[in-house]
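Heads up, the thing below is written out as structure tokens.
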Amino acid sequence: MYEITFKQINEQTIEELRRLSESCPSKSTSFCPGHRFMWRESHPSEFAVDCGYMIIRVKHEDGYRYLFPYPVKAGGSDVSGEIPPVDAVLDHLDEHMENTDDYLRFVSLDSSRTAMLCARYTNFKVDSKRLRADYLYRTKDLAAFSGRHYSGQRNHIKHFKEDFPEAVFRRLTPDDNKMLEAFFAEFENVFSKTSGEAKEELSTAKEYMLSKYCSDLAFGVELGGRLIAICLGERYGDCIDVQIEKCLPGYNGCYPFVVNEFAKVCLGIAAYMNREDDAGDMGLRTSKLQYRPVALLPNHSFTVTSELSNLQISCGEDLATASLQDGTLSITALREADRDDYERLCRDDEHNRLFEYYLTEPMHSAQKPAGYYFEKAKKAFEKGTSLSLALRLNGRFIGEAIFFVFDGRGNAKLGWRLLPEYCSRGYGAAAFKLAGDYGLSVIGLSKITAYCHKENAASAAAIAHSMTKTGEDDGFFYFERTV
């Protein structure tokens, strides 16, 4: 197993993240450090550097979403010398996910990286969200507003300058915070949007822009000693993320004036500007399209799934059987009648010590409520992260076979354990082979791996009966079986 250590994106790490983001190739706003910091309360984010690649992940209620890794540079040189192919860091991410009992999920993917992941994995789900597509512009287009397509913007700016000749577009500093607070107070009084998302955006924008951690690309339009418009952007790679852009009503032409003036400032900083998505707001969509984006950046999401996603199991049937001298060994789904025996198996901490490597949480069984492990096994199968099956001798529950860590590439791990009274009676080897047969021929796996503690010699011998030993380390023997 491989563990990646992540840092929270917060006040202590934002500057480090900004340095590491200078080489970011993606133009999706999700990769902008300021965007991640601005939304750190509602969408906590973390980052890590592994194999010379930046990995950013965002916490959701049901787990983490990852951004596609990219090579990072510091001080003009690669962080870790020669950067290996991206498959190296993806391999580490796959191993890291083994400890999480969750799927690996990517978001904010463009089409080329989505295709790369589709080629890497064999079991996955892809979704596209048009409402979350980012609007990307060339900085020089917004700075020039040349050509007939921008005639409307030029006319609006002309009238704005004629109506408000004393308006000045200037950089904002911390000394302007009182003016900023007054601007937000005025803006909040006339704010008409009622959605929770819009209200949260306004509150978050105010907090971020008044903090000392926001980008230095903060500008405003001052008129008569007060601000009538503000904007804020941040560079990452060759792109500026326009995070905040707000104007008070009653100043016709102010918005295109701000867009144009801010683009002139950014002209020598980055070739592109991302004005973010429209969140399904038709007014925003119309406005953003009028500025002639060069692309609507796709926002694909990619979830690594497993062969369990389409597996249907009937509790009343034998999934696999084998004849023994003293009866028939079979594998079935867990049944309600197995609940007590299964709980007894899971709650024997001393017995399970030799099998703890495939358990998904520490062994503190006495702290768990009645039926906890049985229900947990059912939910894991429903989620598609693991499959616990009943091992039976002449129909009686004697233990468990569990498939876990499905990697989305046709591979999974296999573990097993028997009730204490059925150990050392020769059932282990037959049970393990039977489970392996089922995994390869019914679930459709191409490779099954297993490992066991070196001190568990009986388990090692049982596994070796049907699998090939591939290696060992200080604590474990490793095995595999392929089609």
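The values are calculated or read from the model by the stated rules, or taken from the named source; none is laboratory data. Only a predicted model underlies this, so the values are computations on that prediction, with no experimental measurement involved. When we count neighbours, we look across all protein chains shown, and the Cβ atoms used for this are built from the backbone with ideal geometry, even at glycine.
From the list L20, L67, which one is modelled with pLDDT of 90 or more, of a type in the set (A, V, I, L, M) and farther than 22 Å from R130 by Cα? Show your work before the answer.
On the way: L67 fails: farther than 22 Å from R130 by Cα.
Just a single option satisfies the conditions, and that option is L20.
Given the residues E375, E421, E356, which is the only one that is surrounded by fewer than 16 Cβ atoms within 10 Å (Cβ to Cβ), at pLDDT below 90 and part of a helix (DSSP H, G or I)?
Numbers: E375 fails: at pLDDT below 90; E421 fails: at pLDDT below 90.
None of the others qualify; the one that does is E356.
When you look at S192, is it over 24 Å from A263 (Cβ atoms), assigned to a loop (DSSP other than H, G, I, E, B) and out of contact with any Pro (no Cβ under 8 Å at 6 or more places or on another chain), yes or no? Give the steps one after another, and end with the answer.
On the way: over 24 Å from A263 (Cβ atoms): yes; assigned to a loop (DSSP other than H, G, I, E, B): yes; out of contact with any Pro (no Cβ under 8 Å at 6 or more places or on another chain): yes.
Answer is yes for this residue.
With part of a loop (DSSP other than H, G, I, E, B) and either in contact (Cβ under 8 Å) with a residue 60 or more places away in the chain or in the same structural domain as I402 (by TED's automatic domain parsing) (or both) as the only criterion, which of T100, T114, T122 stands out?
Working: T100 fails: either in contact (Cβ under 8 Å) with a residue 60 or more places away in the chain or in the same structural domain as I402 (by TED's automatic domain parsing) (or both); T114 fails: part of a loop (DSSP other than H, G, I, E, B).
Being part of a loop (DSSP other than H, G, I, E, B) and either in contact (Cβ under 8 Å) with a residue 60 or more places away in the chain or in the same structural domain as I402 (by TED's automatic domain parsing) (or both) holds for just one of T100, T114, T122, which is T122.
Out of the strands (runs of 3 or more DSSP E) lying entirely within the stretch 226-323, which hold 1 or more residues that are of a type in the set (D, E, K, R)? If you could, list the steps in order and put the result at the bottom.
On the way: elements: 226-236, 239-247, 272-274, 295-297, 300-304.
Qualifying strands (runs of 3 or more DSSP E): 226-236, 239-247.
Name the single residue that is nearest to Q312 (Cα to Cα) among those in the stretch 359-372 being part of a helix (DSSP H, G or I) and either more than 33 Å from the chain's Cα centre (by Cα) or at pLDDT 85 or above (or both). Even if it seems obvious, please write down each step before you answer.
Of all residues in the stretch 359-372, those part of a helix (DSSP H, G or I) come to 365-367, 372.
Still in the list and also either more than 33 Å from the chain's Cα centre (by Cα) or at pLDDT 85 or above (or both): 366, 372.
Numbers: A366: 33, Y372: 23 Å.
Once the filter is applied, the top-ranked residue is Y372.
For the stretch 386-402, does any single residue satisfy the condition of being of a type in the set (F, W, Y) and within 32 Å of the chain's Cα centre (by Cα)?
no
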